[in-house]
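Structure, as structure tokens:
The values are calculated or read from the model by the stated rules, or taken from the named source; none is laboratory data. Computed from a prediction, not measured in an experiment: that's the story for all the values here. No Cβ is skipped: glycine too gets one built from the backbone with ideal geometry, and neighbour counts run over all protein chains shown.
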Amino acid sequence: MRKEKAKNYFLGRDGCAKLNCGQSVIKACYEKFEAPLDEVVHFAAFGAGKAPQGECGAYYAARHLLSKKYPHKIGRFTQDFINSAGSLKCKDIRKLRKATCLECVEKAVDLLEGESND
């Protein structure tokens, strides 16, 4: 369900405002991770490869949420994301064409769901 919400936010469909990759992850998962909703506004600056060190915004947002409740799971989450997308860097992911931006959003939310259920 959260993956579909994130997808709708990213695509701006089904009545959802169009958000960038990081905002889509935050907005879809903020309640589960007890994050303040105003973080959606903060993450407006981290789409399209503008996260620190050029990281994927979806990964950056998901790691941020994970660090709040399950910081000990960040290593596994990071490795699983790399395995799926090919890199943590937005430009590298796009160059590799292993995952689209939408697929990165979906994978980040899937991985968050898995990490929070272990």
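Working only within region 76-118, note down all residues that are surrounded by fewer than 18 Cβ atoms within 10 Å (Cβ to Cβ), touching a Phe, Trp or Tyr at 6+ places or on another chain (Cβ under 8 Å) and modelled with pLDDT under 95.
If the condition is that a residue be surrounded by fewer than 18 Cβ atoms within 10 Å (Cβ to Cβ), touching a Phe, Trp or Tyr at 6+ places or on another chain (Cβ under 8 Å) and modelled with pLDDT under 95, then S116 is the only one that fits.
Filter region 11-26 for residues that are farther than 14 Å from Y59 by Cα and assigned to a helix (DSSP H, G or I) and give the result.
Of all residues in region 11-26, those farther than 14 Å from Y59 by Cα come to 11-19.
Across region 11-26, the qualifying residue is only L11.
For residues that are in contact with a Phe, Trp or Tyr (Cβ under 6 Å, 6 or more places away or on another chain) and either under 12 Å from K89 (Cβ atoms) or surrounded by 22 or more Cβ atoms within 10 Å (Cβ to Cβ) (or both), tally how many sit in region 41-74.
At the first step, the residues of region 41-74 found to be in contact with a Phe, Trp or Tyr (Cβ under 6 Å, 6 or more places away or on another chain) are 46, 51, 57, 59-61, 65-66, 68-69.
Retained after the next criterion (residues that are either under 12 Å from K89 (Cβ atoms) or surrounded by 22 or more Cβ atoms within 10 Å (Cβ to Cβ) (or both)): 46, 51, 57, 59-61, 65-66.
Final tally of qualifying residues: 8.
Would you be able to say whether some residue in region 52-69 is at pLDDT below 95 and over 14 Å from the mean Cα position of the chain (by Cα)?
yes
Return the residues of region 98-111 that are in contact (Cβ under 8 Å) with a residue 12 or more places away in the chain and outside any helix (DSSP H, G or I); say none if nothing qualifies. Full working, then the answer.
Going residue by residue through region 98-111, those that are in contact (Cβ under 8 Å) with a residue 12 or more places away in the chain are 98-99, 101-111.
Across region 98-111, the qualifying residues are K98, A99.
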